[in-house]
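The structure under discussion appears below in the form of C-alpha cells.
The values are calculated or read from the model by the stated rules, or taken from the named source; none is laboratory data. Please read all numbers here as calculations on a predicted model, not as lab measurements. Positions of Cβ are backbone-derived with ideal geometry, glycine not excepted, and every protein chain shown enters the neighbour counts.
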Amino acid sequence: MGDFNAKLGTEKVDDIVGKHGLGIRNERGEKLIEWCQTNNIILGNTWFQQPPRRKWTWKSPGDETRNQIDYMMISKRYRNALLLEKTYTSADCYSDHVPVVGKFKLKLKKNSKPFTNIKFDLAILKTNQTIREKYQISVQNKFEALGDAEEVEQQWENFKSAIIKAATEVIPKVKRKAKQKWMTEESLNLMEERRCAKGNKEKKI
C-alpha cells in the first residue's frame with residue numbers, strides 16, 4: 001500500500017497502536033495512525049514485547065541508523081487471532097528492509113451443505129400416488145405462503161427454496177452407496193506375504 005516511512009514510537013493509541021514500538025513518532029506516523037483509525041486497522045508490530053533487534057525493520061547504508069518503518073496491518077476483527085509478530089533480521093533477502101512475520105490462529109466456520117447436495121428419489125412420484133399428492137399439496141402450501149419479492153433473483157430463490165423444502169418433507173432420499181475402501185484386508189495380507197517372501201529370499205542370498 002505504499003511506503004509511509006512512518007515511525008510510531010512507544011506511545012499507545014487506543015486499540016490501534018501498542019506500546020512496544022521503536023523510536024520516536026514522526027509526522028508520517030501520525031498520518032498512518034489516522035488512516036488506521038478511519039479503516040479499523042491495527043498495527044501488529046507494536047503489540048508484542050520484543051528485544052530491539054526484533055523490532056527494527058530498516059537500516060541505513062553503513063548500518064548507522066535502524067528504524068521501525070514497516071508494519072503488519074490487520075483488521076481489528078482479527079486482533080485476537082494474532083499471536084506473535086516480529087522481524088527476522090538474519091534473513092538473507094538482499095535489502096535494507098527485513099521481513100516482518102506474524103503467527104495467526106484462525107477458526108474457520110464449516111459451511112453447511114446446501115439443499116442441492118441432496119438427491120431425491122423422484123421416480124417415486126410416478127409410481128406412488130400418495131407421495132405424489134402429498135408433494136403437490138406441500139408445494140402449493142409453500143407457494144401460497146411466499147411473499148411478493150421485488151427482485152427477480154429473490155423470486156427465484158424463494159421458488160427454489162419452496163420446491164426443495166417440499167421435497168425434503170415428502171420425497172425419500174436416494175441412498176448413497178458407501179465408498180469401498182481402496183485398501184482391503186485381503187490386499188494387506190498379500191502385501192505382508194510378499195514382504196516376508198522377499199525377506200526370506202534376501203536371507204538365502
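Within the range 118-141, the set of residues being charged (D, E, K, R) and assigned to a helix (DSSP H, G or I) comprises K126, R132, E133, K134. The residues of the range 154-189 that are at pLDDT below 85 and assigned to a loop (DSSP other than H, G, I, E, B), listed by number, are V174, K175, R176, K177, A178, K179, Q180, K181, W182, M183, T184.
Taking the range 47-93 as the range and being in contact with a Ser or Thr (Cβ under 7 Å, 6 or more places away or on another chain) and either loosely packed, with under 14 Cβ neighbours inside 10 Å or modelled with pLDDT under 85 (or both) as the test, only R53 passes. Remark: I16 matches the filter, which requires a residue to be crowded, with 17+ Cβ neighbours inside 10 Å and out of contact with any His (no Cβ under 6 Å at 6 or more places or on another chain).
Restricting attention to the range 69-83, does a residue exist that is free of Cβ contacts under 8 Å to residues at least 24 places away in the same chain and assigned to a strand (DSSP E or B)? Taking every residue of the range 69-83 in turn, at least one turns out to be free of Cβ contacts under 8 Å to residues at least 24 places away in the same chain and assigned to a strand (DSSP E or B). The set of residues in the range 21-41 that are in contact with a helix residue (DSSP H, G or I) (Cβ under 6 Å, 6 or more places away or on another chain) and surrounded by 17 or more Cβ atoms within 10 Å (Cβ to Cβ) contains only G21.
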